[in-house]
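The structure appears below as structure tokens.
The values are calculated or read from the model by the stated rules, or taken from the named source; none is laboratory data. None of these values were measured; they are calculated from a predicted model. Cβ placement follows ideal geometry from the backbone for every residue including glycine, while neighbour counts extend to all protein chains displayed. The accessibility values were calculated without ligands, DNA or RNA, using every heavy atom of the protein model including side chains. Shrake-Rupley method; radii C 1.70, N 1.55, O 1.52, S 1.80 Å.
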Amino acid sequence: MKKISVDRGKVIQIIAAASANLLSILFGFVLGWTSPAIIFLQSEDSPLESGPISINDASLMTSLLSVGAVLGCVFAGWLANAVGRKISLQILILPQLCAFILIATAKTVTYLHISRVLSGFSAGACVVVFPIFISEIADKSLRSVIGNFLGLGFNFGCLVGKILTSYAGYYATPIVAIVIIGSFLAIFTYLPDTPQYFLLRNREEAAQNSLKFYRGVHRKEQMTQKVAEEFAELKASPSLTNQKISLSRDDFKGASTFLAIVITFVLSANQNFTGSRILIAYTQSLFRESGSRMDEAAMDLTVTVIQVITAIACIPIIKMFGSRNPLLWFYLISGIFLMIAGIHYNLHENGVDMSDYAWLIIISFAVSIAIPGTGIVSISFVLPTEILPPKIRGSVISGLLLFSWILAIVLVQFYFQLAEFWGHSVWMYIFSIWCLLNVIFSYFFIPETKGKNFDEVVVLLNERVPRKFKKNMPVSKDITS
């Protein structure tokens with residue numbers, strides 16, 4: 001009987017990624033808890049001593065999450081470079097712990113408002129640091145796959161948060177969350193920081209030991225030839241060695257760096273302009289205003305289950321085909337189904353009875369939430385960490401996510417006011433057009449990063465920079481000669 005060989009390094013990488021992914025599960029808890037908790041908090045059975053909350057209090061709970069995320073994005077890029085990826089994640093879990101303690105002990109709605117700011121801060125910062133940590137510990141053959149854990153964890157957390165709050169009560173979610181936070185801190189204590197971070201700090205021995213750990217080589221053993229070659233590549237990369245920690249204008253020069261920042265800008269806008277953030281936040285309300293007579297809560301739970309299934313399916317798809325080609329198909333499919341949702345709303349807004357076509361809006365929403373909320377968003381978080389130079393990753397990603405969260409505050413706050421003016425159909429058309437235009441953008445400008453190291457990715461980026469831009473800027477110095 002043939003023995004099954006297990007790659008110890010890949011097992012360690014998966015365990016490390018899974019433990020870090022507890023953070024995205026917690027963020028899913030935060031969002032999944034919100035919808036059923038608000039209904040409970042507005043009822044006469046509210047657990048708050050101050051009694052039921054108002055509609056304005058409930059709206060403020062939603063928007064304060066984004067305010068906290070803005071603050072977290074500002075803090076995250078600096079923290080990741082200052083103290084490292086690992087310690088950053090350990091520090092950033094603490095506001096989430098305080099947030100769930102506040103939920104469990106809340107006496108007035110003010111407790112909940114403070115908890116939302118803390119949850120948003122933790123989530124906004126972790127979304128910056130988590131993909132960097134994953135991309136830097138993962139073998140290039142496994143990087144895209146475990147990077148997609150982010151979408152799976154988030155959607156699984158949403159589903160569990162909704163089920164716990166709806167069927168086990170108001171206090172169930174914070175209790176489970178506190179247990180998860182304790183597990184994360186216990187596991188993460190034993191993991192070293194990333195090799196890239198140690199090289200940025202000119203700590204070569206620590207970088208070597210870190211790479212050995214994540215490739216399954218015991219500390220006292222010699223590196224295998226493959227791991228030694230990987231470490232030599234990291235050491236030879238100008239983007240990782242002999243650098244000052246402070247950033248300068250020169251760090252942002254170069255054709256490939258410019259294109260990487262543009263791609264990151266487009267990807268960071270996906271949560272807003274694919275409609276993912278709006279559709280997830282207002283699923284039940286949007287179902288109710290679609291002309292459907294089905295139970296909104298049941299429809300919401302159905303869509304969330306489909307999200308989790310889609311997130312699971314994305315992992316083998318990205319493993320087989322990489323990130324670029326699946327991203328093209330995800331954009332195309334999302335664009336088509338968002339267009340169908342727009343047509344449905346347009347007919348309803350013009351007086352057509354759509355109650356017999358409830359199945360159409362369920363399918364459209366299921367696809368339009370599941371694919372952007374899992375495939376597109378997961379790739380959008382991971383891909384920038386593979387194309388941006390390590391030194392500027394934290395700063396660029398946090399800066400662009402900061403802009404994204406500020407835009408989210410405006411979008412979430414004014415969505416329904418604008419929908420009253422021009423209808424839900426126009427919003428669906430806007431989201432659809434964004435997805436379809438990104439098929440073209442991604443085809444011409446986004447490289448496939450599967451199985452590539454950073455310097456190989458730089459070559460592919462330089463090949464995609466338009467010629468007229470190449471004339472005005474130097475070829476990136478991030479290529480090893």
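So here's what we get for this one:
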{"item": "Residue that is modelled with the lowest pLDDT [pool: residues in the range 437-481 that are open to solvent by less than 40 Å² (accessible area, probe 1.4 Å) and among the hydroxyl-bearing types (S, T, Y)]", "result": "S476"}
{"item": "Options I392, I363, I336; residue that is in contact with a helix residue (DSSP H, G or I) (Cβ under 6 Å, 6 or more places away or on another chain) and not charged (D, E, K, R)", "result": "I392"}
{"item": "Leading residue by the ranking (modelled with the lowest pLDDT) among those in the range 231-240 that are part of a helix (DSSP H, G or I) and open to solvent by 50 Å² or more (accessible area, probe 1.4 Å)", "result": "A236"}
{"item": "Which numbered condition K107 fails, given (1) farther than 26 Å from Q196 by Cβ; (2) open to solvent by less than 20 Å² (accessible area, probe 1.4 Å); (3) basic (K, R)", "result": "(2)"}
{"item": "Selection count where residues are under 29 Å from the mean Cα position of the chain (by Cα) and among the aliphatic types (A, V, I, L, M), scope the range 344-369", "result": "7"}
{"item": "Any hit, the range 68-77, residues being touching a Cys at 6+ places or on another chain (Cβ under 8 Å) and either more than 22 Å from I406 (Cα to Cα) or open to solvent by less than 30 Å² (accessible area, probe 1.4 Å) (or both)", "result": "yes"}
{"item": "Verdict on D45 being modelled with pLDDT under 85 and closer than 26 Å to T165 by Cβ", "result": "yes"}
{"item": "Of all residues making up the range 136-157, the number that are at pLDDT 80 or above, open to solvent by 10 Å² or more (accessible area, probe 1.4 Å) and within 16 Å of the chain's Cα centre (by Cα)", "result": "2"}
{"item": "Members of the range 255-276 that are of a type outside the set (A, V, I, L, M), open to solvent by less than 10 Å² (accessible area, probe 1.4 Å) and assigned to a helix (DSSP H, G or I)", "result": "S256, T257, T264, N270, N272, S276"}
{"item": "Residue list for the range 444-460, filter: under 22 Å from the mean Cα position of the chain (by Cα) and part of a helix (DSSP H, G or I)", "result": "F445, F454, V457"}
{"item": "Close pairs from the range 431-458: first over 24 Å from F337 (Cβ atoms) and of a type in the set (S, T, N, Q), partner open to solvent by 60 Å² or more (accessible area, probe 1.4 Å) and part of a loop (DSSP other than H, G, I, E, B), Cβ under 9 Å, at least 6 apart", "result": "T449/K140; N453/K140"}
{"item": "Of all residues making up the range 110-135, the number that are modelled with pLDDT of 90 or more, polar (S, T, N, Q) and surrounded by 24 or more Cβ atoms within 10 Å (Cβ to Cβ)", "result": "3"}
{"item": "Test: I53 is crowded, with 19+ Cβ neighbours inside 10 Å, among the aliphatic types (A, V, I, L, M) and farther than 19 Å from V128 by Cα", "result": "yes"}
{"item": "Conditions (1) modelled with pLDDT of 85 or more; (2) more than 28 Å from P390 (Cα to Cα); (3) within 18 Å of the chain's Cα centre (by Cα); (4) not aromatic (F, W, Y); number of the one not met by L31", "result": "(1)"}
{"item": "In the range 405-417, the residues that are modelled with pLDDT of 80 or more and more than 22 Å from the chain's Cα centre (by Cα)", "result": "none"}
{"item": "Test: A20 is crowded, with 17+ Cβ neighbours inside 10 Å and of a type in the set (A, V, I, L, M)", "result": "yes"}
